[in-house]
Amino acid sequence: MSVHIEASSGQIAENILLPGDPLRAELIANEFLEDAECYNKIRGMLGFTGTYKGKRVSVQGTGMGMPSMSIYAKELLDDYKVKKLVRVGTAGAMQADIKIGELILAQGACTDSNINRLTFSSIDYAPIASFDLLSRAHQAAQANQKQSHIGNILTSDRFYVEDQKLYDTLKDHGILAVDMETAALYTLAARYQAQALAIMTISDQLITGERASAQERQHQFLDMVETALNCLG
């Protein structure tokens with residue numbers, strides 16, 4: 001048991017999916033995992049372990065933002081020795097040619113957060129994905145005929161941003177999308193020599209203002225989860 005996860009040793013698989021919303025963790029367990037059992041209810045941050053195509057897989061809610069992701073990722077890596085972590089969530093597109101429902105496979109994650117600066121002082125550490133998971137996810141997306149974009153994203157501490165000039169600069173430098181968790185996940189995975197990847201569905205188009213409907217979000221989220229599970233191998 002860790003501070004925020006009440007699972008016993010061995011209850012959490014080496015492969016894990018990390019949605020932000022704990023209710024999405026429950027949805028994944030119900031829709032995709034066989035014989036799923038709940039191992040965590042602390043603070044309502046649900047976690048489950050079951051099997052997918054005969055392989056043990058866990059799914060754990062992580063909350064919103066880098067501080068919350070850091071808590072759960074650190075405990076999963078340090079206390080439960082998880083080896084492969086795949087974030088499944090949504091993101092806002094920062095390039096006009098990226099459409100609602102398409103996938104972002106985050107190769108790297110810039111950030112405006114001070115979290116990494118507290119660790120690396122004057123160094124601008126560049127958190128990146130596991131190439132093996134990235135390659136597998138790309139192949140899985142292609143096999144499922146899902147349009148995916150691979151590249152750099154921004155992990156921001158702010159959900160609402162009014163600095164359009166900053167976003168324009170990021171867009172001009174090829175940033176594909178913005179989320180709130182990935183940079184923390186990639187940094188911790190590197191520290192513990194684990195593999196991590198963020199696979200995200202575009203729910204909002206920040207250039208055109210288009211947004212996915214509630215029904216689209218639900219269907220597209222499940223498509224993304226299938227891609228994520230298949231990349232775990």
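The values are calculated or read from the model by the stated rules, or taken from the named source; none is laboratory data. It should be emphasised that the depicted structure is a prediction, and the values quoted were computed from it without experimental measurement. Cβ atoms come from the backbone with ideal geometry, glycine included; neighbour counts cover every protein chain shown.
What the table shows:
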item: Test result for residue 98, of a type in the set (A, V, I, L, M, F, W, C) and closer than 23 Å to residue 143 by Cβ; result: yes
item: Hits in region 190-207 (condition: modelled with pLDDT of 95 or more, more than 13 Å from the chain's Cα centre (by Cα) and not aromatic (Phe, Trp, Tyr)); result: 190, 191, 193, 194
item: Of all residues making up region 208-221, the number that are within 17 Å of residue 148 (Cβ to Cβ) and either crowded, with 19+ Cβ neighbours inside 10 Å or at pLDDT 85 or above (or both); result: 3
item: Filter result for the condition that a residue is among the aliphatic types (A, V, I, L, M), assigned to a helix (DSSP H, G or I) and touching a residue at least 40 places away in the same chain (Cβ under 8 Å), over 137, 106; result: 137
item: Subset of region 171-194 (residues that are surrounded by fewer than 19 Cβ atoms within 10 Å (Cβ to Cβ) and at negative phi); result: 171, 172, 173, 190, 191, 192
item: Qualifying residue in region 9-32 (condition: among the hydroxyl-bearing types (Ser, Thr, Tyr), over 19 Å from the mean Cα position of the chain (by Cα) and at pLDDT below 95); result: yes
item: Residue selected from region 143-164 under the condition part of a strand (DSSP E or B), within 16 Å of residue 89 (Cβ to Cβ) and not hydrophobic (A, V, I, L, M, F, W, C), by the criterion nearest to the chain's Cα centre (by Cα); result: 155
item: Condition broken by residue 34, with the remaining ones in (1) in contact with a helix residue (DSSP H, G or I) (Cβ under 9 Å, 6 or more places away or on another chain); (2) under 15 Å from residue 225 (Cβ atoms) satisfied; result: (1)
item: Scan of region 97-132 for residues that are surrounded by 15 or more Cβ atoms within 10 Å (Cβ to Cβ) and among the acidic types (Asp, Glu), ordered by number; result: 102, 112
item: First in region 11-24 and touching a residue at least 12 places away in the same chain (Cβ under 8 Å), second anywhere and small (Gly, Ala, Ser) and part of a loop (DSSP other than H, G, I, E, B), Cβ under 7 Å, 6 or more apart; result: 19/61; 20/61; 20/63; 21/61; 22/61
item: Qualifying residues in region 175-194 (those that are part of a loop (DSSP other than H, G, I, E, B) and in contact (Cβ under 8 Å) with a residue 60 or more places away in the chain) - the one nearest to residue 68 (Cα to Cα); result: 181
item: Filter result for the condition that a residue is among the aliphatic types (A, V, I, L, M), touching a strand residue (DSSP E or B) at 6+ places or on another chain (Cβ under 9 Å) and in a strand (DSSP E or B), over 199, 207; result: 199
item: Among the candidates 169, 187, residue that is modelled with pLDDT of 95 or more and out of contact with any His (no Cβ under 8 Å at 6 or more places or on another chain); result: 187
item: Leading residue by the ranking (surrounded by the most Cβ atoms within 10 Å (Cβ to Cβ)) among those in region 87-96 that are part of a strand (DSSP E or B) and out of contact with any helix residue (DSSP H, G or I) (no Cβ under 6 Å at 6 or more places or on another chain); result: 91
item: Single residue of 40, 30 found to be free of Cβ contacts under 8 Å to residues at least 12 places away in the same chain and in contact with a strand residue (DSSP E or B) (Cβ under 9 Å, 6 or more places away or on another chain); result: 30
